1. For the peptides 126-138, 28-40, what is the packing order when you average, over each peptide's residues, the other Cβ atoms within 10 Å and list the highest mean first?
2. What residues qualify as long-range amide H neighbours of HIS30, i.e. H under 5 Å apart, gap of 5 or more or another chain, H built at 1.01 Å from N?
3. HN-Hα J couplings of region 112-127 from phi, Karplus 6.51/-1.76/1.60, θ = phi - 60°, integer Hz, Gly and Pro as x?
4. How much accessible surface area, in Å² rounded to 10, belongs to the heavy atoms of THR121 with a 1.4 Å probe?
5. Pull up the cross-link candidates among the aspartates and glutamates for LYS165, meaning alpha carbon to alpha carbon under 20 Å and not fewer than 8 places away within one chain.
6. Express the accessible area of the chain per residue in Å², computed with a 1.4 Å probe while the remaining protein chains stay in the model.
7. Show me the ranking of peptides 163-170, 85-92 by mean Cβ neighbours inside 10 Å, starting with the highest.
8. Under the rule a/c < 1.5 gives rounded, and otherwise a/b versus b/c splits prolate from oblate, where does region 40-84 land using the Cα gyration tensor?
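The values are calculated or read from the model by the stated rules, or taken from the named source; none is laboratory data. For clarity, every value in this text was computed on a predicted model and none was experimentally measured. Quick reminder, even Gly has a Cβ in these numbers, built from the backbone with ideal geometry, and neighbours come from all protein chains shown. SASA here: full protein model, heavy atoms, side chains in, ligands and nucleic acids out. Shrake-Rupley method; radii C 1.70, N 1.55, O 1.52, S 1.80 Å.
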Amino acid sequence: MDTFSPLKTTPAAHRTGGLDVTLSVNGRDHHLTLDPRVTLLDALREHLGLTGSKKGCDQGQCGACTVHVDGERHLACLTLAASAEGKSITTIEGLAPEEGSLHPMQQAFMDHDAFQCGYCTPGQIMSAVACIREGHARTDDDIREYMSGNLCRCAAYPNIVAAIKQARDQMEGARG
């Protein structure tokens with residue numbers, strides 16, 4: 001008779017017949033064996049050590065876990081890691097173009113003091129970059145509407161809007 005012993009447990013992925021997944025994160029492939037129920041957020045934070053994406057509400061209501069999947073914003077807490085296989089995932093750690101430099105949005109957040117406690121900042125920045133890419137940063141009202149899924153408990157919203165406008169001008173100038 002095989003009895004359960006807490007000293008002989010294996011990771012949940014192996015107990016449930018784990019799923020082999022390759023995630024392309026910030027330009028690097030990562031081969032993982034995960035429980036099929038693991039969210040992208042947990043895979044990033046717990047399996048890859050990329051803790052920039054924050055676990056806020058874990059219910060898709062605060063936006064702190066926002067990442068880009070194939071260039072579109074996604075709530076990592078609501079996305080199964082397995083569903084992101086074969087797609088390009090960008091986290092806040094991979095946003096800057098090169099080591100030591102900042103993305104224009106990161107710099108704009110610094111310039112406008114668009115954070116206080118900083119907990120929501122990675123998700124805010126990732127959503128703000130997507131907001132501009134999606135063409136939803138023409139007016140202050142547009143920015144507020146399309147950023148409404150990202151909550152800031154410190155209420156730095158006016159500074160966030162100013163930062164997005166600054167970065168928008170730089171990002172669109174770089175494209176033009």
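1. Going by the mean number of other Cβ atoms within 10 Å, highest first, we get 126-138, 28-40.
2. LEU23, SER24, VAL25
3. Once rounded to whole Hz, the list reads 9, 6, 8, 7, 10, 6, x, 5, 7, 4, x, x, 4, 5, 5, 5.
4. Looks like 20 Å² after rounding.
5. Straight-distance partners of LYS165: GLU72, ASP111, ASP113, GLU134, ASP140, ASP141, ASP142, GLU145.
6. 55
7. Packing order, densest peptide first, comes out as 163-170, 85-92.
8. Since a/c stays below 1.5, the shape of region 40-84 is classed as rounded.
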